[in-house]
Each structure stands twice: as C-alpha cells, then as structure tokens.
Amino acid sequence: MFFQQIVNGLTLGGVYALIALGYTMVYGILELINFAHGEIYMLGAYLGIIFLGFFTAIGLTHSNIILALALTFVLSVIFCSAYGFTVEKIAYRPLRNAPRLSPLISAIGVSIFLQNYVMLAQGTTDKVFPHIFGSSGFGLMNARITYIQVFIVATSFVLMIALHLFVVKTKMGKAMRAVAQDKTMASLVGINIDRIISMTFVIGSGLAAIAGLMVAMYYGLVNYFIGYVAGIKAFTAAVLGGIGSIPGAMLGGIVLGLVESFGASYISSEYKDAYAFALLIIILLIKPTGLLGTRSIEK
C-alpha cells in the first residue's frame, strides 16, 4: 500500500501544483490572491466535456482519438486563457491602485459569478466525462498504476519544468521576474507592465484548464462547484510551498497530494481535507514563509 499511495499522491499533487502555479504567479507580480482561479479550473473541465462531445458527434473520436483529445486540450486552454485575460482586464486592472481590500472583494465576486454562470448554462447535475483511458494499467512493486495516472503525472511534471524554463530562460520570463521585483523600475526600462500581467493570467489560466481536464478524465464526473474546493486546496499548496515562489508551488502541490493520500489510506478518508489544512498550520507555525519562501526585506 505504501507505493500505491505514493502514486496516488503524485497524481493528486501534480494537479494541485498546476493550479497553485496560477495563484503564486499572480501573487508574485500583483500581490493579489486570485480567488476566481479555481473557477477557471472548473471551466477547463466543462470545456473539455463540450469539445470532446462535439468531436464525438462528428466522428473524430472514433477515427482518431489522439487527435480529438489533443484538440480538446488545445481548445480548452485557449478558451480558459481568454477567460483569464478577460477577468484580469475587467475585474482587476481597474482596481490596481485601489486599496488592497477592493481587488480581493472583486476576486470573490468573480468567483461567485463564474459559478452561477456555469450553473445556469450547464445545469446543477453532474456531467460525465468519457473514460478514454479506461481502468487499464500495469502492476509495479505491488501497486496498481493506471495509464491515466501515468498521463497526469507525466503531463504535470513536463508542464512544471517547461514553465520553470520559460521563466528562467526566455525574454518574457525575465520581464515577468523584473515586474515581480519592482514594477516601477521595470516600466522605466521599457517593459509593458499591463502586457506582462495579462500574460501571467493567461499562462496560469491555461495550466488550470489542463488540470481541470485531467481531473475530469481521472474521476469522470464534473460539477459547477469543483473549482471552489480545488481552488482552496491549491491556494493551500501555494502558501505551503511559499506564496510567490514557482518552485514552492510545485513542491507544495506534491507535498499536499502525498499528505492527503497517506492520511486517507492510513488514518481515515473522511478527514482528508483536514490533513491539508493541519499541515498548512504546522508549516506556518514553524516557517511562516512556507517551505521555499523567503522573507522579503524593504530598504
């Protein structure tokens, strides 16, 4: 059971990490908690069902399931990125110089709006996502590993590595780090602050869309409320790893997934949500900045 729980924890942790990256990127640049981010994740799951249903209707899933799945991912990412861009432009950009409480209230309002928007558009009943991978898998070290778990873990780690390389190596990534460090100085050297902030929301929303799609494929059921719980868990992962730190969000997601998996297996599955928050409290009492966070000093 030990190795089985490691596999389950990595599967869950990879999803948490992808969502947590959106929280930590936005906070690193704007020092704003985007509480509507969980709803973008939920939209990704719903869009996956819609697009895959369309490709099934035209017969593409029967002739080429890999192409249909790839197009579903691409279209879901594009649409969710557009949602993220729109939310930033309408709900956050006008309040950029407002008191700190105003954007927080706006974020909560956007979250409630998106929940009700999906509820009215898609109904309150659970939607079923097709079991593309099925339950097939293989055995390893007395553990049962399904192909969907391999797909989720591999995709999550590839995306996390790609994001890290993007931030460290590319010109856009360097501009994002410059804006996060000092927006005024970044604007003085010619960096378009609005463009960088919008790009941050676009990237974070795209990662959340992929996470939502993979969770829908894994569990098979989607409802309009899944973004709230997943968003709180991912925010916990971001704080756990060190809010504002991209490697911290990755580590926090993996640790949170492992703690939930082992706690549900060896203690009780009824309190798996409590394990995450108990761990967060312990970490914040011992190291308030999170596992990889650093205390900022203003001179």
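A short reminder: the numbers here are calculations on the coordinates, not readings from a lab. Given the structure is predicted, the values throughout are model-derived calculations rather than measurements. Quick reminder, even Gly has a Cβ in these numbers, built from the backbone with ideal geometry, and neighbours come from all protein chains shown.
What the table below lists for this structure:
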quantity	calculated
Cα shape, the range 7-142, gyration tensor, a/c 1.5 rule	prolate
Point-charge dipole on Cβ atoms (K/R +1, D/E -1) for the range 177-299, about Cα centre, debye to 20	300 debye
Extended-chain gain in nm, criterion 0.36 nm per residue less alpha-carbon gap, ASP126 and ALA57	22.8 nm
Per-residue Cβ neighbour rank within 10 angstrom, fewest leading, GLU31, GLU39, GLU260	GLU31, GLU260, GLU39
Linear extension gain, GLN4 paired with MET141, 0.36 nm per residue minus alpha-carbon span	48.5 nm
The range 73-95 versus the range 192-249: alpha-carbon centroid distance in Å	13 Å
Loop-located trypsin sites (Lys or Arg not before Pro) in the range 22-127 whose Cβ has at most 13 other Cβ within 10 Å (DSSP)	ARG100
Sequence of TYR271, TYR23 once ranked by neighbouring C-beta atoms within 10 Å, starting from the fewest	TYR271, TYR23
LEU75, LEU43 arranged by Cβ crowding within 10 Å, fewest neighbours leading	LEU75, LEU43
Rounded if a/c under 1.5, otherwise prolate or oblate - the range 13-239, Cα gyration tensor axes	prolate
Selected from ALA91, ALA276, ALA234 as most flexible by GNM, with the chain as the system and alpha-carbon contacts under 10 Å	ALA91
Between helix 65-87 and the chain: long-axis angle, C-alpha atoms, 0 to 90°, nearest 10	30 degrees
Set of lysines with alpha-carbon distance to LYS233 below 25 Å, sequence-local pairs under 8 removed	LYS127, LYS272, LYS287
Test item: Cα-centred dipole of the chain, Lys/Arg +1 and Asp/Glu -1 on Cβ, debye	720 debye
Karplus (6.51, -1.76, 1.60) ³J(HN,Hα), θ = phi - 60°, over the range 136-152, in Hz, Gly and Pro reported as x	6, x, 8, x, 8, 6, 6, 10, 9, 10, 8, 5, 5, 5, 4, 5, 5
Cα lying deepest toward the dipole's positive end in the chain, options ILE161, PHE54, PHE113, charges on Cβ	ILE161
Space enclosed by the convex hull of the alpha-carbon atoms of the range 117-262, per residue, Å³	142 Å³
Using alpha-carbon coordinates, inclination of helix 2-30 to the longest axis of the chain, degrees	30 degrees
